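The values are calculated or read from the model by the stated rules, or taken from the named source; none is laboratory data. Everything quoted here is computed from the prediction, not taken from an experiment. Here the Cβ positions follow ideal geometry from the backbone for every residue, glycine too, while neighbour counts run over all protein chains shown. To get the accessible areas, we keep the full protein, side chains included, count just its heavy atoms, and leave off ligands, DNA and RNA. Shrake-Rupley method; radii C 1.70, N 1.55, O 1.52, S 1.80 Å.
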Amino acid sequence: MALRLPKAQLPTELSENMIRTFGTALEPVEAVWHNPAVATANLDFSRRVAEWDALDEGLKSFAHMAVAAQVGCGWCLDVGYFQARNQGLDPAKASQVPNWRAAEVFTALEREVMAYAEAMTVTPPAVTDEQYEHLLGELGPAAMVELTAYVAFVNMATRNNTANGVRSQGFSDSCGIPLARPTVTADDAADTAADVSAGVRPA
């Protein structure tokens, strides 16, 4: 898949800020900047989302990467792993998010958060009352609201990138540990939700 529209010329200050932070301009922004009003609103909201602090940053990173793996957004998965490393998360653990069901490095709560993110992402959503209730008890109302809104936001970003043909820019190449290959399917997410409904927690 290739970018489905030519890269737009970014304002100099914005481009320079990205290069200082990431070493390059970000393709999702270059694609969307053909409509600066949309691009600016998206960047503003992204900044606001980054200020939310009721939920552990590690759980949010794993939820983000789980959604990216399920939707097939290589760019989000790639940059998510890069950012997880910069947040001080265990790179060996973060690298396994695309294959979290088979990996043995995650806590029970981390598994439940990723299962919830996937259940929100399938169409139609497969979140169950039991799944929501258990996570609510683990996280509390403020963090649960944040997790749900965050997963919804990540769905917008991943689907936007995928439709525009945005691909990985190789951010995770510097992480040293390669990302696991994504293996999740919509059936996997639905099966996990069904297990949770039956009282079986993600193993």
Where residues in region 1-29 are at pLDDT 95 or above and in contact with an Asp or Glu (Cβ under 7 Å, 6 or more places away or on another chain), which of them is most open to solvent (accessible area, probe 1.4 Å)? Lys7
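When you go through Glu112, Glu138, Glu104, Glu133 one by one, which is the residue that is out of contact with any strand residue (DSSP E or B) (no Cβ under 6 Å at 6 or more places or on another chain), touching a residue at least 60 places away in the same chain (Cβ under 8 Å) and either not in a helix (DSSP H, G or I) or not hydrophobic (A, V, I, L, M, F, W, C) (or both)? Before the answer, list the steps.
Values: Glu138 fails: touching a residue at least 60 places away in the same chain (Cβ under 8 Å); Glu104 fails: touching a residue at least 60 places away in the same chain (Cβ under 8 Å); Glu133 fails: touching a residue at least 60 places away in the same chain (Cβ under 8 Å).
The match here is Glu112.
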Show the residue pairs that are 6+ apart or on different chains and have beta-carbon atoms under 8 Å apart, the first residue being within region 1-16 and part of a helix (DSSP H, G or I), the second being of a type in the set (Gly, Ala, Ser) and surrounded by 11 or more Cβ atoms within 10 Å (Cβ to Cβ). Ser15/Ala25
Here are the criteria: (1) among the basic types (Lys, Arg); (2) within 22 Å of Pro141 (Cα to Cα); (3) without any contact (Cβ under 8 Å) to a residue 40 or more places away in the chain. Tell me which single one Lys60 does not satisfy. (3)
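How many residues does region 64-108 hold that are among the aliphatic types (A, V, I, L, M), farther than 12 Å from Ser172 by Cα and either modelled with pLDDT of 90 or more or under 9 Å from the mean Cα position of the chain (by Cα) (or both)?
Pass one, region 64-108, residues among the aliphatic types (A, V, I, L, M): 65-69, 71, 77, 79, 84, 89, 92, 94, 97, 102-103, 105, 108.
Those still in the list that are farther than 12 Å from Ser172 by Cα too: 65-69, 71, 89, 92, 97, 102-103, 105, 108.
So of that shortlist, the ones also either modelled with pLDDT of 90 or more or under 9 Å from the mean Cα position of the chain (by Cα) (or both) come out as 65-69, 71, 97, 102-103, 105, 108.
Of the residues in that region, 11 qualify.
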Given the residues Ala37, Ala69, Ala84, which is the only one that is out of contact with any Ser or Thr (no Cβ under 7 Å at 6 or more places or on another chain) and surrounded by 20 or more Cβ atoms within 10 Å (Cβ to Cβ)? Ala69
